[in-house]
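These notes are about the structure you will find just below.
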Amino acid sequence: SLQQVTITAQQNAQKTIKPYTIRTPLIPLNFKRPDLPHLQIYLKLETHQPGVGSFKIRGASNAIVSRIDNNNNDLTKDTVVITASAGNMGQGVAHVCSTLQCRCIVIVPTNAPLAKCNAILHLYDKAEIIRVPYDEWWNIIET
């Protein structure tokens, strides 16, 4: 079930991801609607994030580092991070694991574009990519 995010949780996440992310620019979109003259829309340029060029680095770094911290575990050479992704989250996990120098396994569907797999390996050449049939990959995500 979904839980409301508290200010404290947001502040903790902000501290956790700081070493892995940058503060990206927020720029106004030049868009006007006559029926909403005071409407202002801003774009958050997450394409500026290091390595991945996506907001997924925020979730990846928070999930990995906070899991280690919450379990009072020290990061060791035996730490393994596993994700099931065919895209930017796999890249985000690989980027964080590269920084932390821990083992990274990315499970992708067999039809994942080669460019996405190569991008993962470009971010972390020690990442392991495991290709599985789509139904099996989706089952991994659901469980």
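Below are the figures for this structure:
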item	result
Scope the stretch 95-109; condition more than 17 Å from residue 18 (Cα to Cα) and either hydrophobic (A, V, I, L, M, F, W, C) or at pLDDT below 95 (or both); matching residues	101, 102, 103, 104, 105, 106, 107, 108
Output for the stretch 10-37, where each listed residue is assigned to a helix (DSSP H, G or I) and within 21 Å of residue 93 (Cβ to Cβ)	12, 13, 14, 15, 16, 17, 18, 19, 20
Unique match (being touching a helix residue (DSSP H, G or I) at 6+ places or on another chain (Cβ under 6 Å), in a helix (DSSP H, G or I) and closer than 23 Å to residue 51 by Cβ) among 115, 119	119
Members of the stretch 38-47 found to be more than 14 Å from the chain's Cα centre (by Cα) and open to solvent by 90 Å² or more (accessible area, probe 1.4 Å), listed by number	38, 40, 42, 44
Failed item in (1) among the hydrophobic types (A, V, I, L, M, F, W, C); (2) open to solvent by 70 Å² or more (accessible area, probe 1.4 Å); (3) within 22 Å of residue 10 (Cα to Cα), with residue 82 passing the rest	(3)
Filter result for residue 23 (among the basic types (Lys, Arg), within 20 Å of residue 125 (Cβ to Cβ) and open to solvent by 80 Å² or more (accessible area, probe 1.4 Å))	no
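For every residue, the table says whether it meets (1) surrounded by 17 or more Cβ atoms within 10 Å (Cβ to Cβ); (2) in a loop (DSSP other than H, G, I, E, B).
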residue: 74; (1), (2): no, yes
residue: 86; (1), (2): yes, yes
residue: 95; (1), (2): yes, no
residue: 107; (1), (2): yes, no
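The values are calculated or read from the model by the stated rules, or taken from the named source; none is laboratory data. What you are looking at is a predicted structure, and each value in this text was computed from that prediction instead of being measured. Neighbour counts are summed over all protein chains in view; Cβ atoms, including those assigned to glycine, are modelled from backbone coordinates with ideal geometry. Heads up: the accessible areas ignore ligands, DNA and RNA and are worked out on the full protein's heavy atoms, side chains in. Shrake-Rupley method; radii C 1.70, N 1.55, O 1.52, S 1.80 Å.
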